[in-house]
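Each value in this text was obtained by applying a stated rule to the coordinates, not by laboratory testing. Everything quoted here is computed from the prediction, not taken from an experiment. Using ideal geometry, Cβ is built from the backbone for each residue, glycine included, and neighbour counts are taken over all protein chains shown.
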Amino acid sequence: MRTLYLFDDAEARRWHPFSTTRPVGELLFGALLLRERIERAAGMRVAATLGCPGLEGFTEPGAPPVWGDISRSGGGESLILLSRYIPPLGDRLPLPATAPARGLRLVCDGELVGWLLPAGRPFPSLDELATPHESEGDGDEQRVPGELLDRPWTLMAGNSERIAADLAELYPGGSGPGAVPFDPPRGVWVTGGHPVSAAPDVQVAPGVVLDTRDGPIHLSTGVRIEPRTHLQGPAWIGTGCHLLGGRLGHVSCGPVSKVHGEVDSTVLNGFVNKAHDGHLGHAVVGRWVNLGAMTTNSDLKNTYGAIRVKMPEGASPRNPVDVDTGMIKVGAFLGDHVRTGIGTLLNGGVVVGAGSTLFAGPVISGWVPPFSWVTPEGREEVRLEAFLTVATRVMGRRGQALDAGGRQLLARLHREVTGQGGGREAGAEEGDR
């Protein structure tokens, strides 16, 4: 029996602001989570994520647990793959039916991306998981096809092409599991030559434009689209999303999100509330983010030069450094449970840590540590218990629970960033969550 595991290496653990609250495999890219891509290529579900002990307690529906203690093993063969490894979507990994006695080192483009280990073989050490390229273990090498993602902005930069490729594979010609080619009702305009696939229960109101000139569109089960929405492909709209008007294009929209306004070339990981006007462009947004009315981010410097971001180099959310993205279009990176007040302005390349609350004032730039309360007067720390109370209330309104493991994870991050006690009440102005 073979069991599949993911691991986050040191590079994945510095994917701030997301890697402080979730394994990298639970981030959306195109029409699938990174974990789901590997599961399809391996033909099995992931049993656990290794290599990120600071995330023990992480829970989300459908997600595997995080194992901080890797002294245990599943007893059978172990297939261990790097979470930021992207295998081809339509093919199974070229692996032998039985692991050789010495094991296999799996290599993609010259970099080690995992191991296939025989039964009884222990997991690689935490050091080997952190720096697999430095591993000197025995075993033969097996090349596997695909690519590696570098930094978190690659989720945004490559997302449009990834959506198009995913939908061509998952819904060729507009048909696929749980979806059929969309038959537009009276008053709904479909333009362009690429297909629109949709679950049978989607609701699209008159006055909606589905623009497929640049790529396909998929509408998942339970999607509702209100009048005066212009949706431009490539676009993947997840289960239960509600599009409330505006112009959206080249977007991946995770489940149960409310979206309005101008959204371009952006990844919304799910349960995001952007119910009002405002521009969100070339951004990656975590889960449970609430953007107040007219929250707007820049994604282009007036010099048209490459945008630099400020983020920590290691797993700890401390000591940020400047990193050159090499790209001229880079927006905002908003961690889980970030909230903004009305009229908040975000500079290009801003990185906002989980649990932070931002109010309107000067344009917010650079690095905002997790659990920050940012006002025109400056920055304070958010009080943990007040934050957990609000997060529990917000999640409950969407039928989700902040369980004991999630509370412990957030409390651990809060202690690391702020120390014990103190901080500001978390109660920013909120939209209609």
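How do Thr357, Thr49 line up, fewest other C-beta atoms within 10 Å first?
Ranking Thr357, Thr49 by Cβ neighbours within 10 Å, fewest first, gives Thr49, Thr357.
Using only the Cα atoms of region 83-132, build the gyration tensor, take square roots of its eigenvalues as a ≥ b ≥ c, and label the shape rounded, prolate or oblate: rounded if a/c is under 1.5, else prolate if a/b is larger than b/c, else oblate.
Cα axes put region 83-132 in the oblate bin.
Using a Cα-Cα cut-off of under 12 Å, which aspartates and glutamates could be cross-linked to Lys274, ignoring same-chain neighbours fewer than 8 residues away?
Answer for Lys274, where 12 Å is the Cα cut-off: Glu262, Glu430, Asp432, listed by chain and number.
Taking every pair of Cα atoms in region 2-150, average 1/r, invert it to obtain the Kirkwood radius, and report Rg/Rh to two decimals.
Computed over Cα atoms, the ratio is 0.92.
Mind sorting Ser19, Ser125, Ser316 by how few other Cβ atoms lie within 10 Å of their own Cβ, fewest first?
Final ranking by Cβ density, sparse to dense: Ser125, Ser316, Ser19.
As a test of understanding, state the convex hull volume per residue of region 1-50 from its alpha carbons, in Å³.
Cα-based convex hull of region 1-50, divided per residue, equals 80 Å³.
Counting DSSP beta bridges with both partners in the chain, what percentage is antiparallel, nearest 5?
Percentage antiparallel, nearest 5: 25.
In debye, nearest 20: dipole of region 2-150 around its Cα centre with unit charges on the Cβ of K, R (+) and D, E (-)?
So the dipole magnitude of region 2-150 works out to roughly 500 debye.
Under a crude label model (7 Å from the Cα following the beta-carbon direction), how far is Ala47 from Ala97 in nanometres?
Going by the 7 Å Cα→Cβ label model, 2.1 nm.
Check the straight Cα-Cα distances from Lys310 and name the aspartates and glutamates below 20 Å, setting aside those fewer than 8 residues away within the same chain.
Within reach: Glu11, Asp150, Asp299, Asp322, Asp324, Asp336, Glu380, Glu381, Glu416.
Treating only the Cβ atoms of Lys and Arg (+1) and Asp and Glu (-1) as charged, compute the dipole magnitude of the chain about its Cα centre; round to the nearest 20 debye.
Here the size comes out at about 840 debye.
Which residue, Phe387, Asn297, Leu82, has the largest displacement toward the positive end of the dipole of the chain when charges sit on each Cβ (Lys, Arg +1; Asp, Glu -1)?
Phe387
Between region 272-334 and region 109-137, how many Å separate their Cα centres?
Taking the Cα centre of each part, region 272-334 and region 109-137 sit 33 Å apart.
Along Cα→Cβ, 7 Å out, is where each label goes; now give me the distance between the ones at Glu161 and Thr303 in nm to one decimal.
For Glu161 paired with Thr303, the spin-label model returns 2.8 nm.
With equal scatterers on the alpha carbons only and no solvent term, can you work out the Debye log10 of I(q)/I(0) for region 90-178 at 0.19, 0.21, 0.24 1/Å?
Treating every Cα as an identical point scatterer, log10 I(q)/I(0) equals -0.97, -1.05, -1.18.
Determine the relative contact order of region 79-186: mean sequence separation of Cα pairs under 8 Å and six or more apart, normalised by residue count, in whole percent.
Averaging sequence separation for qualifying contacts and normalising by length gives 29 percent for region 79-186.
Rounded to whole Å, give me the distance from the Cα center of region 243-270 to that of region 56-94.
If we compute the Cα centre of each part, the gap is 29 Å.
Tell me, rounded to the nearest percent, the portion of alpha carbon pairs in the chain spaced more than 41 Å apart.
Tail of the P(r) past 41 Å holds 15 percent of the pairs.
Where nothing but the Cβ of Lys and Arg (+1) and of Asp and Glu (-1) is charged, how large is the charge dipole of region 154-381 around its Cα centre, in debye to the nearest 20?
My answer is approximately 220 debye.
To the nearest 500 deg cm²/dmol, what mean residue ellipticity at 222 nm is calculated for the chain from DSSP H runs of n ≥ 4 alone, each contributing -39,500 (n - 2.57), summed and divided by the residues?
So the helix-based figure for the chain works out to -4000 deg cm²/dmol.
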